[in-house]
1. State which residue is farthest from the chain's Cα centre (by Cα) when the search covers only the stretch 202-246 and only residues that are within 15 Å of the ligand (Cβ to nearest atom) and part of a helix (DSSP H, G or I).
2. For the stretch 68-123, how many residues meet the condition of being assigned to a strand (DSSP E or B), within 16 Å of the ligand (Cβ to nearest atom) and of a type outside the set (A, V, I, L, M, F, W, C)?
3. For the stretch 271-296, which positions are touching a His at 6+ places or on another chain (Cβ under 7 Å) and under 19 Å from Leu253 (Cα atoms)?
4. Mind checking which pairs have a first residue in the stretch 262-281 that is open to solvent by 60 Å² or more (accessible area, probe 1.4 Å) and a second that is assigned to a strand (DSSP E or B) and of a type in the set (A, V, I, L, M), Cβ under 6 Å, 6 or more apart or different chains?
5. Please specify each residue of the stretch 40-84 satisfying the condition of being over 30 Å from Leu161 (Cβ atoms), of a type in the set (A, V, I, L, M) and touching a residue at least 24 places away in the same chain (Cβ under 8 Å).
6. Just to verify a result, which residue in the stretch 303-323, among those that are of a type in the set (Gly, Ala, Ser) and surrounded by 21 or more Cβ atoms within 10 Å (Cβ to Cβ), is nearest to the ligand (Cβ to nearest atom)?
7. For Leu149, work out the one condition from (1) in a loop (DSSP other than H, G, I, E, B); (2) more than 30 Å from Glu9 (Cα to Cα); (3) of a type outside the set (S, T, N, Q) it doesn't fulfil.
8. Among Gly230, Gly209, which is the only one that is closer than 17 Å to Ile316 by Cα and of a type in the set (Gly, Ala, Ser)?
Amino acid sequence: MKAASKAFEALVARSVEHALALCRIPSPTGFTKAAEAYVESALAAAGFSPSRSAKGSVLCRLGGSGRPLVLAAHIDTLGAVVRALKDRGRLRYSKIGGYPDLNLVTETCVVHCRGGKSFTGTFQPVDASAHVNKKLGEAKLTDENLEILVDERAKDKAELLELGLSPGDIVSIDARPVLTPSGFLKSRHLDDKASAGILLALAEGLRSGEIRAGRELWLLFTTYEEVGHGGAVLPPGAEDLVSVDMGAVGDDLGCDEYRVSICAKDSQGPCDWDLTTALVEAAKAAGCDYAVDVYPDYGADADVALRAGYDLRHAILGPGVYASHGYERTHRDAMANTLALLARFVAS
Ligand SMILES: [Zn+2]
């Protein structure tokens, strides 16, 4: 990327701060109120007036006029719900969102009960002591062979019930967010909290005058993306919708953890040709390191809006995120490239 101004560098630092702060807030799909409140208060602090839809999407007009453009990121994450209380005092889970159970092994978590209590815990294989279970590691990793141990003395189902645990309780996986001195962000749920952080920094840049809106600009933070119906709440008259979501990294894809990825086609089909071309041109004009890629196994909020019946142009872009839906990693440079592209694009 071209050398950036101090003011732009400060916005990149803000995007990283917001991303890390959001990663620290548990928000599996269906349990996103605290993340909604964070986004709302950050926008209000920047002088905007966000509103919340019935299903918890946060929508905010940032200014500008003509050709309404919506930039959307999701603040819900993967997680689980308690499926059953087991006789041995453990919990069986059911996953929220799509990911391999492998990514849960030995992860720490919090179980959020409907009554307001919460308990820490750990996902472990059944019979997890390597000194006792010689077959540990041979079992297929599913919710039958993995379970949650809550950090309470509970030897059976009755004692779990007595604690206040119940089927339907939400389980958030600890994100473990870290910013390394070398500029890597490591955390669960960078998908899509990295992009949500970028959009909040963009709003702050508009307020300070560092970024300019050349058209009517809206931000949308959705709360049901991981289960496939996030992006169906849009302002009236929206012409373009850009999902700012993680860029896929791996196999023959051109994106890495340092670039902004522009998606030409995801698993749902091709993105709008002209809108995607405009994003590529903005990336070039801003001097961004970028890649145009085809995501083999990916769907975004923009697809949802189209399936919901909206007649608009859609595109997808975002910072490259490795190990997606696991303990993910991106780099500050990918956040900077994404913000620079968006700043150039919204000005046009
Ligand atoms: Zn995502």
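The values are calculated or read from the model by the stated rules, or taken from the named source; none is laboratory data. Note that the coordinates shown come from a computational prediction; the quantities given were computed from them, not determined experimentally. Positions of Cβ are backbone-derived with ideal geometry, glycine not excepted, and every protein chain shown enters the neighbour counts. Side chains included, ligands, DNA and RNA excluded: accessible areas come from the protein's heavy atoms. Shrake-Rupley method; radii C 1.70, N 1.55, O 1.52, S 1.80 Å.
1. Val227
2. So the count comes out to 4.
3. The answer is Cys271, and nothing else.
4. The qualifying pairs are Lys265/Val294.
5. Going residue by residue through the stretch 40-84, those that are over 30 Å from Leu161 (Cβ atoms) are 40-55, 57-75.
Next cut, of a type in the set (A, V, I, L, M) only: 42-46, 54, 58-59, 62, 69-73, 75.
The answer is Ala42, Leu43, Ala46, Val58, Leu59, Leu62, Leu69, Val70, Leu71, Ala72, Ala73, Ile75.
6. My answer is Gly318.
7. (1)
8. On the way: Gly209 fails: closer than 17 Å to Ile316 by Cα.
One residue alone meets the criteria, Gly230.
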